[in-house]
Amino acid sequence: MIALKDVSKIYQAERIETVALDKIQLEIEEGEMVSIMGPSGCGKSTLLNLIGLLDDPTEGSVAIDGRPVAGLGDKELADLRNRYVGFVFQSFHLIPDLSVADNVEIPLLYRKLSRKERRRRSVRALERVGLSSRVDHFPTQLSGGQQQRVAIARAVVAEPRIVLADEPTGNLDSHMGDEIMSILEGLNRDEKTTIVMVTHDEEKARQTQRIVRIFDGRMVH
């Protein structure tokens, strides 16, 4: 499903060169639930951005479902992201002026769907995360855990095969964090969605099927 071969990412700033990732070799099978761990600044989020086609490697290749992404134009990359990948962020990134349902619908705006069909799918996604009663609420009316559940509904509303979660429990207390993990585990178990999660929490990482550890931009074993 996801294949990175000899992937390096180097950032240039005037005369300073920063190696964020160095010769990463990583394969993630369809239906796996994988966590990425390592200290701050080690390259975890950079790796997630490369998997999510939000950034290009300096060296090496990235392939999604057997399709190399090198050389694809912006529109092709956007189409591939919209079809394959859903994102969950630590800070939720909900739009405060939009209702919960309208926030969840955002990924569907890039598809040729009627307003009625977008709403139907939005409500269904919210039902999956236990928030069908909050459809017309606004993000400011929700707790942190509820906002993260909305973010997960938004990530899965277009039925992506991959969900990338960057510290999805990082801003939540332990109880809310457990709820979010339960939802992600359910998506993986019931929908066979491939989950790749960045976390600092060893306990949460052990709930996944495999832990990928990064240190100074390199995979360690």
I'm trying to understand the selection: among the residues of the range 74-112, which are aliphatic (A, V, I, L, M) and over 13 Å from GLN147 (Cβ atoms)? LEU77, ALA78, LEU80, VAL85, ALA101, ILE106, LEU108, LEU109
Would you be able to say whether some residue in the range 92-102 is on the phi > 0 side of the Ramachandran plot, touching a residue at least 40 places away in the same chain (Cβ under 8 Å) and either acidic (Asp, Glu) or in contact with a strand residue (DSSP E or B) (Cβ under 9 Å, 6 or more places away or on another chain) (or both)? yes
Report, by residue number, each residue of the range 36-79 that is part of a strand (DSSP E or B) and either among the aliphatic types (A, V, I, L, M) or crowded, with 17+ Cβ neighbours inside 10 Å (or both). ILE36, MET37, GLY60, VAL62, ALA63, ILE64
Does GLU32 count as touching a residue at least 40 places away in the same chain (Cβ under 8 Å), crowded, with 17+ Cβ neighbours inside 10 Å, out of contact with any strand residue (DSSP E or B) (no Cβ under 9 Å at 6 or more places or on another chain) and among the acidic types (Asp, Glu)? no
Consider only pairs whose beta carbons are under 9 Å apart and that are at least six residues apart or on different chains; among these, list those whose first residue lies in the range 136-155 and is farther than 13 Å from GLN90 by Cα and in contact (Cβ under 8 Å) with a residue 12 or more places away in the chain and whose second residue is among the acidic types (Asp, Glu) and in a helix (DSSP H, G or I). ALA153/GLU127; ARG154/GLU105
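With respect to ARG149, determine if the residue is buried (at least 20 other Cβ atoms within 10 Å of the Cβ) and modelled with pLDDT of 95 or more.
No, not satisfied.
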Give the range 103-116 a look and list any residue that's assigned to a helix (DSSP H, G or I), touching a helix residue (DSSP H, G or I) at 6+ places or on another chain (Cβ under 8 Å) and either over 16 Å from PHE92 (Cα atoms) or not hydrophobic (A, V, I, L, M, F, W, C) (or both), or say none. ASN103, GLU105, PRO107, LEU108, LEU109, TYR110
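The values are calculated or read from the model by the stated rules, or taken from the named source; none is laboratory data. Remember, predicted model here, so these are calculated numbers, not experimental data. Reconstructed Cβ throughout: ideal geometry from the backbone, glycine too, with neighbour counts over all protein chains shown.
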